[in-house]
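Read through the structure below, which is laid out as structure tokens, and then see the notes.
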Amino acid sequence: MVRAMVTQQYTYAYGAVSPIDGRFDSLILPWVSGECMQLFLDEMAARYPDENIVMVLDGAGWHKNQEIELAENLRTVFLPPYSPELNPQEHVWDELRGKFFHNRAFDSMDALEMQLENGLRNLESNPEKMCSITAWDWIINSVSN
């Protein structure tokens, strides 16, 4: 009989998509925490200093951390509880899982992170794809009116 001990390691992708033009930005960070969320928000604000950013977030604890400070060009809007289907970013994660991780096992965390980087880069370089899965009529109409 062969015995094995299962261990788990984690890495986390933070991402934001603009349904208007399909721009997708992401960071791979070691934790889900208020500190990492702050890093991500600061990075998004710095990448687009001349734009007003509205980031739609769910109610995860690290999204609502009391210590998070928003840059001048960034605002947050929180979805109602238990409504992930309203967040276009969830469809981006579905795309990532389905296209880059479906039925895959990895020999190491490094191998998994390389695949994650490849998947995120692919999505970042494909704004047409991002628009096709996130540019819902109600979002586009609310921005263009």
Exercise. What is the projected area of the convex hull of the Cα atoms of segment 1-47, averaged over all directions, in nm²?
Worked result: 5.2
Seminar exercise, completed: Diffing segment 78-83: the Karplus 3J(HN,Hα) column from phi (6.51, -1.76, 1.60, θ = phi - 60°), in whole Hz with x for Gly and Pro, holds 9, 6, x, x, 6, 9
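Determine, from the Cβ-Cβ distance of Y12 and N52 and an R0 of 22 Å, the FRET efficiency 1/(1 + (r/R0)^6), rounded to the nearest 0.05. If you can, show how the numbers build up before the last one.
Details: r = 27 Å, r/R0 = 1.21.
Once the sixth-power term is evaluated, E becomes 0.25.
From Cα pairs below 8 angstrom and at least 6 apart in sequence, can you work out the relative contact order of the chain, rounded to a whole percent?
Here the relative contact order equals 29 percent.
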Exercise. What is the Cα centroid distance between segment 64-109 and segment 111-145, reported in whole angstrom?
Worked result: 11
Problem set entry | Antiparallel %, DSSP beta bridges [both residues in the chain], to 5 | 55
Problem set entry | Scaled radius of gyration (Cα, divided by 2.2 N^0.38 Å) that segment 10-86 gives | 1.06
Problem set entry | Relative contact order for segment 10-86, counting Cα pairs under 8 Å that sit 6 or more residues apart, in percent | 27
For this session: For segment 13-145, take the alpha-carbon Rg, divide it by the Kirkwood Rh, and send me Rg/Rh.
Result: 0.96
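Ordered by packing density, taken as the mean number of other Cβ atoms within 10 Å over each peptide's residues, highest first, how do 24-31, 103-110 rank? Don't jump to the answer; show the numbers that get you there.
Values: 24-31: 16.0, 103-110: 8.8.
Going by the mean number of other Cβ atoms within 10 Å, highest first, we get 24-31, 103-110.
In what order do V32, V2, V17 fall by count of nearby beta-carbon atoms within 10 Å, going from fewest to most? Working shown, then result.
Details: V32 15, V2 3, V17 25.
Result, fewest neighbours first: V2, V32, V17.
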Exercise. What does the charge add up to near N73, with Lys and Arg as +1, Asp and Glu as -1, over the other residues with Cβ less than 10 Å from its Cβ?
Worked result: -2
For this session: Could you work out how far apart the two model spin labels at E35 and K64 are, taking each label as a point 7 Å from the Cα in the direction of the beta carbon, and quote it in nm?
Result: 2.3
Exercise. For P84, what is the net charge nearby, where nearby means another residue's Cβ is under 11 Å from its Cβ and Lys, Arg count +1, Asp, Glu -1?
Worked result: -4
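Mean Kyte-Doolittle of at least 0.5 plus a Cα span of 30 Å or more along the axis: flag which DSSP H helices in the chain meet both, please.
Going by DSSP H runs, there are no hits.
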Exercise. Which far-off residues, 5 or more places away or on another chain, put their amide H under 5 Å from the one on M55, with H placed in the peptide plane?
Worked result: R75, T76, V77
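Values in this text are rule-based calculations from the coordinates and carry no lab data. Note that the structure is predicted; figures quoted are calculated from it, not measured. Note: ideal-geometry Cβ built from the backbone for every residue, glycine included; neighbour counts use all protein chains shown.
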